[in-house]
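Rule-based calculations on the coordinates, nothing more; no lab input. Keep in mind the model is a prediction, meaning the values are calculated, not measured. Cβ coordinates were reconstructed from backbone atoms using ideal geometry, including for glycine residues, and neighbour counts include every protein chain displayed.
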Amino acid sequence: MGTRSIVHVKDGKKTVVTIYRQYDGYPIGMGEDIKRVLNGGEVEILNGYGGSSKIPSQFNGMGCLAAFLVGELKEQKIGNVYLMATNTKNVGEEFVYTLSDKNSTVYLKCFDVWNNKTLFNGPLKEFCGKIAEGMTPLEVELT
């Protein structure tokens, strides 16, 4: 049995896309994959773009970011990653990730459904899956 997760990508209050992942949904899996795909969290949300704009460090809105994220997570493989109706929930997910834009910076919230606990809520670039799963910063440094 896999560790299921849901990712909601939001543009303001509206959910742009909801992604369901059937396995590896825990923070050191899905959480770290989101951060890796999105340039280590070093991303900027633009309103319009020019010839010098660069993916994966800049996106023309959260819809652009969402489309890129889906493509990269899917990795041209069958199964595991699925698009769901926006705001889908209660499909056996253990973790819920929410990506949002605050002042052109991407924020991530990681919520543990089974323990009803927020594990992380802040700028994506500051997310660490091992710390979200309970390791101390010193333990992370030693691994």
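Alpha-carbon geometry of the chain: the Rg and the Dmax are 14.7, 46 Å, given in that order. Its Cα gyration tensor gives the range 15-57 an equivalent ellipsoid; the semi-axes, largest first and in whole Å, are 25, 13, 7. Using the Cβ-Cβ distance between residue 105 and residue 140 with R0 = 30 Å, the FRET efficiency computed as 1/(1 + (r/R0)^6) comes to roughly 0.85. Based on the Cβ-Cβ distance of residue 85 and residue 116, what FRET efficiency does E = 1/(1 + (r/R0)^6) give at R0 = 35 Å, to the nearest 0.05? E(calc), rounded to 0.05, equals 0.90.
Charges were assigned to the Cβ only: +1 to each Lys and Arg, -1 to each Asp and Glu. The resulting dipole of the chain about its Cα centre is roughly 460 debye.
Among the trypsin sites (Lys or Arg not before Pro) in the range 35-78, those placed in a DSSP loop whose Cβ has at most 12 other Cβ atoms within 10 Å are 54, 77.
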